[in-house]
Amino acid sequence: MRQIGPVELVPHTPVADESLKVCVHPGPTCCTGKMEDSYMAAVRSEMQQKMRSFSFELKYLISGNSKAYQETFQSLVSFTSNLTSTLFDSAYSALANDCRPLVHQLFSDIKRYLSGDADASLEAAVRHFYNNLFPLVYHRLLNPGFGHITTQSVPLVSTNHDDCLRMTRQDVVPFGPHPRLLASSLARALGPGRALSRLLRLAGEVVNTTEKTSLSRECGRGLVRMQYCSHCRGFTLVRPCTGLCINIMRGCLVSVSELAAPWGSLVVLLQRLAATLATSSNHNSMELALLAIRNHVNDAILYAQLHGPRITATVRPFCDNNKAEHFGFLSYRSIPLKGSRGDKSRSLKKLSREFEGSIQRYQWFFSELPEMLCESEMEVEQHTCWSGQDIVESYAGRVVDRALKAQRGNPEMSVRHTDPVLKAAKLKLEQLTQFSTISLAISMETLDLTHYGECLCFCNSGSFGASTHPPPLTPLTQTHTMHSPFMGCDLLS
């Protein structure tokens with residue numbers, strides 16, 4: 001037994017204290033009004049500590065895996081960024097120096113996209129890269145004798161001519177279909193990683209919010225009556241009845257329990273995304289998509305060289321002042337790339353498999369939390385228990401369900417409203433998971449990733465759904481060829 005307040009607050013003999021508001025008893029009592037105040041402060045502190053204790057492993061799992069995924073993404077991005085830069089060093093030395101910052105910017109944008117940055121866009125990143133690559137290819141490879149541009153490295157100073165080339169790039173299409181193919185393949189392969197990053201961040205925010213939730217006055221009174229009012233009668237070793245504890249814990253945590261359904265949906269989504277990263281085929285492998293950037297860029301430049309005369313003839317009426325007739329053409333073979341067998345590629349699959357199994361244990365965390373807290377109170381089996389009023393053999397009250405509607409009939413405490421902060425967290429969870437729509441899409445064999453992406457696109461539209469009974473777990477992967485679901489929308493923004 002631990003000391004709650006100053007010993008001098010305890011009366012030497014039982015007294016009748018009319019200032020008692022919670023532990024009211026018609027006969028003599030060992031408690032005073034000031035002791036009740038100490039008990040009230042103690043139960044609030046204890047409840048907060050228990051909440052932190054029970055959610056510690058979950059928080060560690062979320063934060064640890066979030067960090068591990070970001071480190072793995074960073075490693076893959078850094079490796080493939082360096083690999084892409086070597087393309088210019090080995091095959092296009094005239095472009096090498098000025099293309100390094102372009103490659104660096106492209107992969108920085110990819111890293112931001114994978115981290116879940118709401119402002120990051122793959123389409124914009126790819127468009128920006130090819131817009132800035134076009135003037136360099138035009139001057140150095142297609143028309144090496146044109147104007148002031150030489151094969152020596154020069155600062156990337158924006159000129160009117162270069163600006164014109166950038167603005168006409170999408171109309172001239174100097175790189176053929178390759179920019180679009182690159183954006184599409186990256187969106188298909190990187191979308192699950194981006195979604196996982198954002199959902200892990202959301203999961204961490206939800207757990208932190210539940211830890212900081214404030215306990216209502218009614219909750220505090222109920223906890224005092226459950227844990228300390230027996231002391232006022234001299235029963236310091238008796239445990240509260242299980243039914244009493246469950247009613248009070250459910251009443252105190254009704255706002256937390258309201259998170260149960262959307263939280264369960266979120267966990268299922270995290271599992272499926274992890275399963276996707278762990279079992280990705282060559283069609284949607286993140287690693288292979290990043291490695292293939294080098295080939296996409298090489299093919300785009302080769303396309304421009306092959307169509308150099310047409311590109312120049314199209315551009316000159318709009319951008320050129322001088323008529324240069326020299327076209328450079330070099331032929332390079334596209335190098336097929338295979339996935340790295342290094343530790344990082346294996347670690348992504350291993351990390352995802354481990355996370356998929358670990359997070360599953362927490363699918364019903366918020367619905368089971370009141371019972372878990374009560375189990376910690378009932379460590380010792382006893383034949384009698386504290387009912388909140390007296391020592392009894394069993395609890396006679398009705399144990400009510402955890403739902404808010406049922407809790408309004410809680411016999412142990414008055415439950416009227418939910419915490420506004422947790423209510424907002426629930427709404428955000430519902431909007432961002434869109435579980436019912438995702439379940440429907442996954443059940444349709446050929447519309448797996450496509451409808452998954454569509455669902456997450458309109459997460460902020462206000463429509464939402466959640467199911468308390470998820471379908472069997474299936475990875476978000478298909479071998480069918482399909483348009484990327486992540487093009488044209490910002491995942492979970």
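Throughout, read-outs are computed from the coordinates displayed, never taken from laboratory work. Keep in mind it's a predicted model, so treat the numbers as computed, not measured. As a convention, Cβ positions derive from the backbone with ideal geometry for all residues, glycine included, and neighbour counts pool all protein chains shown.
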- Message: Using the basic label-point model (7 angstrom from Cα toward the beta carbon), what is the Thr86 to Lys34 distance in nanometres?
- Response: 7.7
- Query: Can you work out the base-10 log of I(q)/I(0) for the range 24-81 at q = 0.15 1/Å, using the Debye formula on its C-alpha atoms alone?
  - Reply: -0.68
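Tell me the Kirkwood hydrodynamic radius of the range 7-433 in angstroms, computed as one over the mean inverse distance between distinct C-alpha pairs.
Values: mean 1/r = 0.0378 Å⁻¹.
It works out to 26.5 Å.
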- Message: Test of understanding: what is the full-extension gain from Leu181 to Arg353, defined as 0.36 nm times their sequence separation minus their Cα-Cα distance?
- Response: 59.0 nm
- Point-to-point label distance, Gln170-Asp117, nm (Cα→Cβ direction, 7 Å offset): 2.0
- Task: Whole Å is fine, so just give me how far the alpha carbon centre of the range 242-260 lies from that of the range 70-114.
- Result: 52
- Would you mind computing, in nm to one decimal, how far apart the modelled labels at Glu371 and Ser214 are, each placed 7 Å from Cα along Cα→Cβ? 3.1
- Query: Of the cross-linked pairs Lys212/Lys423; Lys67/Lys350; Lys67/Lys111; Lys67/Lys428; Lys405/Lys426; Lys212/Lys426, which ones have a Cα-Cα span greater than 18 Å in the structure shown?
  - Reply: Lys67/Lys428
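In what sequence, highest mean first, do 227-239, 399-411 appear when ranked by Cβ atoms within 10 angstrom?
Put in order of decreasing packing, that is 227-239, 399-411.
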